[in-house]
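Rule-based calculations on the coordinates, nothing more; no lab input. Computed from a predicted structure; not experimentally measured. Reconstructed Cβ throughout: ideal geometry from the backbone, glycine too, with neighbour counts over all protein chains shown.
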Amino acid sequence: MFADSTSLVHLSATISLALLVVALFAALLRLMRGPALPDRVVALDLVSALVIGIIAAYCVLTGISLFLNAAALLALISFLGTVAFARYLEKGIR
Amino acid sequence: MILEIISSIFLLAGSVFFLISSIGILRFPDLYTRMHAATKGGAFGAVLMLMGVAVHFAELWISIEVLLVIIFIFLTAPVAGHMIGRAAYLLNTPLWNDTVIDEWCVDLQHEQSSIPSRMDTAPSIEQATSPSPDNEGVQRRETDSGHSAAQEN
């Protein structure tokens, strides 16, 4: 599955995956205990950016470049979701 | 070998940016400062990690795709952050106690000096259907939202 397990890129991709998982837990903590709904929307935006980073690190780790399409689609969909949440918050309070 | 070193530096720098921005979203006292950490740090971390992927593979089509994703992120992250911040401000999300300047509050009070609260823009139907010619921008926004409220009812 992994191409060469001893190279420098493999090691740094593993380290960055570990850092990204720690960051993902911090963002999910803010997502759970955010005081208001906009805090949760901001945390969800950061979570989607973190998942883009995880996809990039996994791409380097496995050597399969096909996952970049998933990263592009996730960037598109996270932008649409954030804009939809913002419109809903601005218009739908009445 | 030199490509491996450059790609490793990009990946580690991107993940460190992500870690710093998520520490910021956990520790900052306010929605707006939290948004400042999340939007800029998240977008820049994603861009750095995608550049690491492009340097690692070193092929033309992968680089073009990564460049498209980077341009898309740099175009859309400020727009999304701006819309969340505007919606949160209109929802009366409280500012931090040590906030130095609040320019939009001053602007809103200057535009509609009869309404003291900054959120009190919930229009009635009479206001929406009879726009007064003086304060143009405020009245246009109120007719817009009042029209949607009237459509919902």
State all residues of the range B:1-16 that are facing chain A (nearest Cβ under 7 Å), surrounded by 23 or more Cβ atoms within 10 Å (Cβ to Cβ) and of a type outside the set (Ser, Thr, Tyr); if no residue qualifies, say none.
-> B:LEU11, B:GLY14
Please enumerate the residues belonging to the range B:17-51 that are more than 20 Å from the chain's Cα centre (by Cα) and facing chain A (nearest Cβ under 7 Å).
-> B:MET49, B:LEU50
May I ask you to list the residues in the range A:60-92 that are within 25 Å of B:SER7 (Cα to Cα) and in contact (Cβ under 8 Å) with a residue 12 or more places away in the chain?
-> A:VAL60, A:LEU61, A:THR62, A:GLY63, A:PHE67, A:LEU68, A:ALA70, A:ALA71, A:LEU74, A:ALA75
What tally of residues in the range A:7-16 results from selecting those that are within 7 Å of another protein chain (Cβ to nearest Cβ) and in contact (Cβ under 8 Å) with a residue 40 or more places away in the chain?
-> 3
Which members of the range B:52-63 meet the condition of being over 27 Å from the mean Cα position of the chain (by Cα) and in a helix (DSSP H, G or I)?
-> B:ALA54, B:VAL55, B:HIS56, B:PHE57, B:LEU60, B:TRP61, B:ILE62, B:SER63
Would you be able to tell me the number of residues in the range A:67-94 that are closer than 19 Å to B:TRP61 by Cα and at the interface with chain B (Cβ under 7 Å from one of its Cβ atoms)?
-> 4
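Filtering the range B:52-67 down to residues that are more than 13 Å from A:VAL60 (Cβ to Cβ) and facing chain A (nearest Cβ under 8 Å), which residue is surrounded by the fewest Cβ atoms within 10 Å (Cβ to Cβ)? Walk me through it before giving the result.
Keep residues of the range B:52-67 that are more than 13 Å from A:VAL60 (Cβ to Cβ), which gives B:59-61, B:63-65, B:67.
Applying the additional criterion that residues be facing chain A (nearest Cβ under 8 Å) yields B:59, B:65.
Values: B:GLU59: 11, B:GLU65: 19.
Taking the candidates together, the pick is B:GLU59.
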How many of the residues making up the range A:17-58 are within 7 Å of chain B (Cβ to nearest Cβ) and more than 13 Å from the chain's Cα centre (by Cα)?
-> 6
